[in-house]
Amino acid sequence: MLDGKKTLFSGMQATGNFTLGNYMGALKNWITLNEEYQCFYCVVDLHSITVRQDPAELKKNARALLALYIAAGLDPVKNCIYYQSHVSAHAELSWILNCFTYMGELNRMTQFKDKSAKYSDNINAGLYTYPVLMAADILLFQSDVVPVGADQKQHLEITRDIAERFNSIYGDVFTIPEPYIGKTGAKIMSLQDPAKKMSKSDENINANIYLMDDPDTIIRKFKRAVTDSDNQIRYTEDKPGIKNLIDIYCSATNKTAQEAVKEFDGKGYGDFKLAVGETVVSILKPIQDRVEELNKDKGYIDGIIKDNAEKANYFAAKTLRKVQKKIGLPEKIR
Ligand code: ATP
Ligand code: LTN
């Protein structure tokens with residue numbers, strides 16, 4: 001509890017081109033939460049380096065993500081939007097929590113298994129302990145809720161396990177966080193292979209809708225989306241391509257799957273794909289315009305980066321000090 005409100009924390013990696021999956025599974029759900037919670041939204045640049053990054057690209061992507069948070073509707077005065085690397089307590093708490101995490105737990109993480117298969121020439125220790133840094137992010141702010149896409153549920157579970165283990169040894173130090181997974185859009189699938197999640201690191205650009213794609217590109221990608229050939233719009237597991245398009249449509253319009261199916265009753269895939277494409281264009285266009293405006297205002301973004309890092313540091317330092325004291329690290333002499 002901070003300032004009388006429950007606390008919420010989430011973050012995204014500053015890697016690559018942000019996709020419709022990132023927006024619908026995460027960002028979109030964040031916008032109104034500051035009414036109920038004290039919100040922290042982090043650009044997790046330290047997590048990004050678990051995969052090799054070009055330094056100039058990383059810097060550019062991190063800033064682009066921060067601007068995207070604001071463009072998507074997060075008010076940077078009401079929400080604390082900051083870079084993870086500007087708050088050193090993340091890395092410090094992560095080290096401590098490493099000593100309370102078992103290798104057996106980390107071995108079970110599906111994201112680690114997927115990423116180590118994908119980046120087999122760089123299976124570094126950071127990739128392995130990635131969930132511990134994520135636990136540190138969340139626990140530093142005594143977060144009550146963590147809004148994420150369905151793929152992050154396992155990381156939330158390990159965070160809770162680490163926190164409970166720590167608390168059982170040292171008393172009530174950490175708040176045990178709950179995941180918050182949106183009703184629609186929690187798992188947007190690839191447009192080229194609906195068995196796989198849409199992922200910004202997918203090499204096939206037609207598999208993804210990027211948030212900065214222009215309208216023609218968006219429409220074209222939806223037209224090419226892989227579906228079955230029976231031309232019937234039904235929401236069922238055995239039609240994963242169509243089901244995914246219905247999920248996207250529902251997330252964009254806040255309609256239910258039944259409403260969407262009814263709306264397109266008697267229509268073919270061509271009409272449906274076009275309608276989904278046009279709806280997505282209409283939600284992304286205002287965000288893209290705002291990103292362009294923000295990119296022109298360097299001073300404004302710099303101000304947010306500075307002020308919010310200070311605010312985040314203040315709260316993070318409190319938890320870190322408490323943890324250091326509990327485990328017996330000597331206090332600093334001032
Ligand atoms: P990468 O493919 O590089 O691992 P990613 O696209 O999965 O990246 P992240 O930065 O790991 O993106 O995730 C940011 C947020 O977006 C997380 O909350 C995650 O759950 C959500 N997210 C990512 N992809 C999807 C998706 N396809 N559907 C719904 N939510 C998603
Ligand atoms: N692993 C997350 C990004 C992330 C995160 C967090 C999300 C890092 N730290 C803390 C929520 C809370 C992902 O989206 N891939």
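When Lys325, Lys332, Lys318, Lys306 are checked against the criterion of being more than 27 Å from the chain's Cα centre (by Cα), in a helix (DSSP H, G or I) and under 30 Å from Ser143 (Cβ atoms), a single residue qualifies: Lys325.
Residues that are part of a helix (DSSP H, G or I), closer than 23 Å to Arg224 by Cβ, out of contact with any Asp or Glu (no Cβ under 8 Å at 6 or more places or on another chain) and modelled with pLDDT of 95 or more do not occur anywhere in region 293-300. Counting the residues of region 105-122 that are surrounded by 15 or more Cβ atoms within 10 Å (Cβ to Cβ), of a type in the set (A, V, I, L, M) and assigned to a helix (DSSP H, G or I) gives 1.
For (1) buried (at least 19 other Cβ atoms within 10 Å of the Cβ); (2) within 16 Å of ligand 2 (Cβ to nearest atom); (3) closer than 14 Å to Gly21 by Cβ; (4) modelled with pLDDT under 95, each residue gets a yes or a no:
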| residue | (1), (2), (3), (4) |
| --- | --- |
| Ala186 | yes, yes, yes, yes |
| Leu191 | yes, no, yes, no |
| Pro194 | yes, no, yes, no |
| Glu203 | no, no, no, yes |
| Asp214 | no, no, no, no |
| Tyr235 | no, no, no, no |
| Leu245 | yes, no, yes, no |
| Ile248 | yes, no, yes, no |
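Out of the residues in region 94-104 meeting the condition of being of a type outside the set (Gly, Ala, Ser), assigned to a helix (DSSP H, G or I) and surrounded by fewer than 16 Cβ atoms within 10 Å (Cβ to Cβ), tell me which one is farthest from ligand 2 (Cβ to nearest atom). Checked region 94-104; the qualifying residue farthest from ligand 2 (Cβ to nearest atom) is Met103. Apart from one condition, Ser143 fits all of (1) in a helix (DSSP H, G or I); (2) in contact (Cβ under 8 Å) with a residue 40 or more places away in the chain; (3) within 10 Å of ligand 2 (Cβ to nearest atom); the exception is (1).
Put simply, of Ala163, Ala125 the only residue that is at pLDDT 95 or above, away from ligand 1 (no atom under 11 Å from the Cβ) and touching a Pro at 6+ places or on another chain (Cβ under 9 Å) is Ala163.
Can you find even one residue in region 188-209 that is away from ligand 1 (no atom under 16 Å from the Cβ) and in a helix (DSSP H, G or I)? No, every residue in region 188-209 fails to be away from ligand 1 (no atom under 16 Å from the Cβ) and in a helix (DSSP H, G or I). Screening the candidates Val87, Val77, Val51, Val44 for the property of being of a type in the set (Val, Ile, Thr) and without any contact (Cβ under 8 Å) to a residue 24 or more places away in the chain yields one hit, Val77. For region 15-46, the candidate set comprises residues that are near ligand 2 (Cβ under 10 Å from one of its atoms) and at pLDDT below 90; within that set, the residue that is surrounded by the fewest Cβ atoms within 10 Å (Cβ to Cβ) is Thr15.
Residues of region 146-184 that are away from ligand 2 (no atom under 16 Å from the Cβ), outside any helix (DSSP H, G or I) and not polar (S, T, N, Q): Gly171, Asp172, Val173, Lys183.
One residue is enough: does region 123-137 have a residue meeting the conditions away from ligand 2 (no atom under 15 Å from the Cβ), in contact (Cβ under 8 Å) with a residue 24 or more places away in the chain and surrounded by fewer than 22 Cβ atoms within 10 Å (Cβ to Cβ)? Yes, region 123-137 has at least one match.
The values are calculated or read from the model by the stated rules, or taken from the named source; none is laboratory data. What you see is a predicted model; the values in this text were computed from it and never measured. Glycine also receives a Cβ, built like all others from the backbone with ideal geometry; neighbour counts cover every protein chain displayed.
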